[in-house]
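Worksheet for the structure shown next.
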Amino acid sequence: MHLLFFNRSFYPDIEATGQFLTELCEDLISYGHTVTVVAGYSHHVNNKKTRSLIKKEEYKSIKIIRVYGTQFPKNFLFCRLINLTTYFLSAFVGGFFVENKPDVVIAQTDPPVSGLLGICFGKLYNAKFIYSCKDLYPEIGIVTGRLTNPFLNLLLKEINLLSFKLAHKVICLGDDMKRKIVKKGISEEKIEIVYDWANLENLYPINKNSNPFVKSHNLQNSFTVMYSGNIGLTQGLEKIVDVANYFKSNHSIKFLIVGDGANKTNLQKLVKEKELTNIQFLPYQQRNELKYSLGAADIHLITIEKGLGGVMVPSKIYGILACGKPFIAWIDEDSEISVIAKKYNCGITLSPGDISAMIQTIEGCLSNPQKILDMGKNGLEAATKYYERRISTSKFNQIIIKETMMTKEKS
């Protein structure tokens, strides 16, 4: 079958949504499909000289229709809206440049109105439309306080509700997200869960003593607490700075914030104001280096603001588990990550933003190193059994096949 994807981020982007979509498409090719992706230009590669409105590329037999979109700084909502709008409009044009008629059109939620592209081109090509939901909108913007315009919120709500209703199948990231979609009036039978995953060929435990990342950043004798991923506006990372401030006189603890995002500059200013030397910022790590950076931590932090459980599922958890590392999560109790932590005894969950509980938990981990090792082993076992790349991509493939087979049987 020919599958057509719409998502702004794709190879060579190092953002999570782009990396997961790249790996999914690679595996779908191996399952016998042909794949076309309408994607934007990478924000992490200098490509200004070669950018055009429409540009055709190919990566590992995946056909890419690269479309233009502005790349203004994400710090301001207005600039972000312009970036997403220009991609959306260019992607609409790009959808007409598909070489062969697709059997299935799959829209993801980057940008959050991509469902309209799925609806439009699903009807144009008489193809099945699958809505692959990575985040829920406008809930993210409302909870974080970023979206305060009632008209914009209503518009996003109606667009996404239409996408859910007109999709032949909805794919989401966990039971918590499924529950929220069902509350919108969407039938449970229409919704499938496909977890994000860890690529165990590239992510696996690394001995700290032989880890080049540990050596290059002088972490050999430190208890390393790491946040790795998007430094955005939904994580409440300012509170990590407060935790680091509490431990500033304990020179055996180091805090690392690895990644990039709209809130990074603000956090760096906050660290400078507090004159903290125990917290360090590092850029996104390349995929082939990720096992070293994730493996350098003694414990990882996962943080999202209260009320975002089920609205988003931080994908970083699967890489953390694959590297045999435990985590402490500031997250809603009924969230997917909370379920994973309790079910497999691989992490500790706390009420979002509870600084005193985080401090006590880190101190407890410091005094009980065996507990950390055991949680890490449990997490690796869970990743191997339930969250390995081929498990998830195979389920995605089965959903596609089942949906198209149902159509053939009806006809």
Take the alpha carbon gyration tensor of segment 308-366, find the square roots of its eigenvalues, order them as a ≥ b ≥ c, and report rounded if a/c is under 1.5; if not, report prolate when a/b exceeds b/c, else oblate.
oblate
The answer for Ser228, listing residues at least 5 apart or on another chain whose modeled amide H is closer than 5 Å to its amide H, is Val258, Leu301
Among Leu276, Leu156, what is the fewest-to-most ranking by other Cβ atoms within 10 Å?
Leu276, Leu156
Distance check, please: which entries in Lys269/Lys291; Lys215/Lys248; Lys178/Lys385; Lys63/Lys128; Lys63/Lys316 exceed 25 angstrom between their Cα atoms?
Lys269/Lys291; Lys63/Lys316
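Quickly estimate the mean residue ellipticity at 222 nm for the chain, helices only: each DSSP H run with n ≥ 4 gives -39500 (n - 2.57), and the total goes over all residues, rounded to 500.
-13000 deg cm²/dmol
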Rounded to the nearest Å, what's the spacing between the alpha carbon centres of segment 335-362 and segment 264-331? Just the number, please.
14 Å
Between 0 and 90 degrees, rounded to the nearest ten: what's the tilt of helix 355-367 against the longest Cα principal axis of the chain?
70 degrees
Go ahead and run the numbers for FRET between Lys165 and Asn368, Cβ-Cβ distance against an R0 of 45 Å, rounding to 0.05.
0.35
With a ≥ b ≥ c from the Cα gyration tensor eigenvalues, square-rooted, and the rule rounded for a/c under 1.5, otherwise prolate when a/b > b/c and oblate otherwise, segment 202-329 is oblate
Counting other C-beta atoms within 10 Å, which of Leu162, Leu321, Leu203 has the fewest, and how do the rest follow?
Leu162, Leu203, Leu321
Average projection area in nm² (convex hull over Cα atoms of the chain, one quarter of hull surface)
19.6 nm²
Loop-located trypsin sites (Lys or Arg not before Pro) in segment 1-75 whose Cβ has at most 15 other Cβ within 10 Å (DSSP)
Lys48, Lys49, Arg51, Lys60
Can you pull out the trypsin sites (Lys or Arg not before Pro) in segment 130-189 that DSSP calls coil and that have at most 11 other Cβ atoms within 10 Å?
Lys183
Checking the a/c ratio against 1.5 first, then a/b against b/c, what shape does the Cα gyration tensor give for segment 1-80?
prolate
Considering all projection directions equally, how large on average is the shadow of the alpha-carbon convex hull of segment 9-149, in square nanometres?
8.6 nm²
Computed label-point distance, nm, for sites Phe281 and Val339 using a 7 Å Cα→Cβ extension
3.6 nm
DSSP-defined beta bridges in the chain - what % are antiparallel, rounded to 5:
10 percent
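None of the figures in this text is laboratory data; all of them are computed from the coordinates on show. Quick caveat: nothing in here was measured; it's all calculated off a predicted structure. Virtual Cβ from ideal backbone geometry, glycine too; neighbours counted across all protein chains shown.
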